[in-house]
Amino acid sequence: MRQAFLKKKNSIFLMLIIGLILTAILAAVPTGYEDALIYKDMERATAKITEVDNSAIKSSGLIQSGEQSCTLLIEDGIFEGREMTGVNFLSGSLEKDKIYKVGDRALVTISYDGDEINSVVMSDHYRLDKEIILLAAFALLLIIVAGRNGLLAIFSFFITILTIWKILVPAYLKGYPPVWTGILITVFITVIIIFFVYGFDKKTVTASLGSLLGIFTTCILGMIFTDLFRINGAVMPDSESLLYSGFQHLDLTAIFMSSIFIGASGAMMDLSVDITSAVCEVVEKKPDISWKEAAKSGMNVGRAAMGTMTTTLLLAYSGGDITLLMVFMAQGTPTDHILNYKYVAAEILDTVVGSFGLVTVAPFTALVAGLMLTKKTKKIKEV
């Protein structure tokens, strides 16, 4: 018992070391886009608004255009303590425009030449401090509830973020094949996350194999039906902005295809881990169980979880489009027109193809778990 405890303790310690090393490596990896010309010879800083001038703003109902002039007190950077005048440009877009009040804090970009200030552009309200507080509260709660496993979950969380930001996004921008790149990155993330759940164990291999089958199924179906639905990658938010920013070489449709299986991979991992853990529990309680019985138990768990998992995908994808649905209803758009609309068709594709992947994860994970986690015994018949 003591030996098993020490072995588990050492395994968790080793996983923490691996998580720390991976996080450090990914954080140090350059994206190749750090020195963008748009921010060259500019200083980014936080500033407090001490005075506002709204006289140049033109209002038409809810829409406001023109510019807002603000007196700013710079709070950090090389110009800390200096008072400057910043300009907040309004384009008439409720989505992108912001209005500042006295006492607000803003993230500003200062263009300068030596000690001379050329211009101060107000990027947005400063909210990074609140984001850090939210993340810290989440991390603390996770550690309190799950202990060392919670700490491992934090590592997997940040490794996933860093992998997407430092590896996946730059690879797409540089023109690497989106589908193959997406598959490789998703395989890496899947294996790492499941490794942090189970450690050096057969359960890691079992759950990973189950997840990957669902991911490959989703990838194939996504490619087929994206073509059949005649969906263009421009349906993704801000995708056209990339083309107008000098990235005309990008295959937006292939990037959209890869986004389908990347988006569904989390639910597939969840289901494969649930089934693997259930089969492992059954085998521990009944060591002499056959692989067929163990696989059947895993499949029963999979059937129970599939309903909620597919609904999870539906809510995740449709939740962000609730205002679009409100527009359709307010305008009295016929249902067949709604379902045929390319943005809705893209969401249907995401949800249904991802659900296909979930359905394949359950039986395959149950089968692999039954074969790998049960004890194989040979019966010798005496003649």
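Within the straight-line cut-off of under 20 Å between alpha carbons, the aspartates and glutamates reachable from Lys286 are Asp201, Asp274, sequence neighbours fewer than 8 places apart in one chain being disregarded. When both the range 188-233 and the range 298-374 are represented by their alpha-carbon centers, they are found 15 Å apart.
Could you put Val169, Val344 in order, starting from the residue whose Cβ has the fewest other Cβ atoms within 10 Å? Can you show the working numbers first?
Details: Val169 14, Val344 18.
Lowest count first: Val169, Val344.
Helix 342-373 and the longest principal axis of the C-alpha atoms of the chain enclose an angle of approximately 30°. Charge dipole (Cα centre; +1 on Lys/Arg Cβ, -1 on Asp/Glu Cβ; no other charges) of the range 175-373 amounts to roughly 500 debye.
If we count other beta carbons within 10 Å of each Cβ, what is the order of Met223, Met269, fewest first? Show your work: numbers first, answer last.
Working: Met223 18, Met269 25.
Fewest-to-most Cβ neighbours within 10 Å comes out as Met223, Met269.
Candidates Leu339, Met223, Ser93 compared by Cα position along the dipole of the chain: farthest toward the positive end lies Met223, with charges placed on Cβ.
Shape call for the range 93-239 from the C-alpha gyration tensor, a ≥ b ≥ c root eigenvalues: rounded (a/c under 1.5), prolate (a/b greater than b/c) or oblate? Intermediate values should be presented prior to the final figure.
Values: a/c = 2.49, a/b = 1.41, b/c = 1.76.
The shape class here is oblate.
Axis angle, to the nearest 10 degrees, between helix 128-146 and the longest C-alpha principal axis of the chain: 20 degrees. In the chain, the longest principal axis of the Cα atoms and the axis of helix 252-285 are about 40 degrees apart. Only one of (i) 48, 28, 19; (ii) 80, 20, 18; (iii) 32, 26, 20 was calculated from the structure for semi-axes √(5λ) of the Cα gyration tensor in Å, and its label is (i).
Read-outs: derived from the displayed coordinates by stated rules, not from any lab. Predicted, not measured: the structure shown is a model, and the values here were computed from it. Cβ: placed from backbone, ideal geometry, glycine included. Neighbour counts: every protein chain shown.
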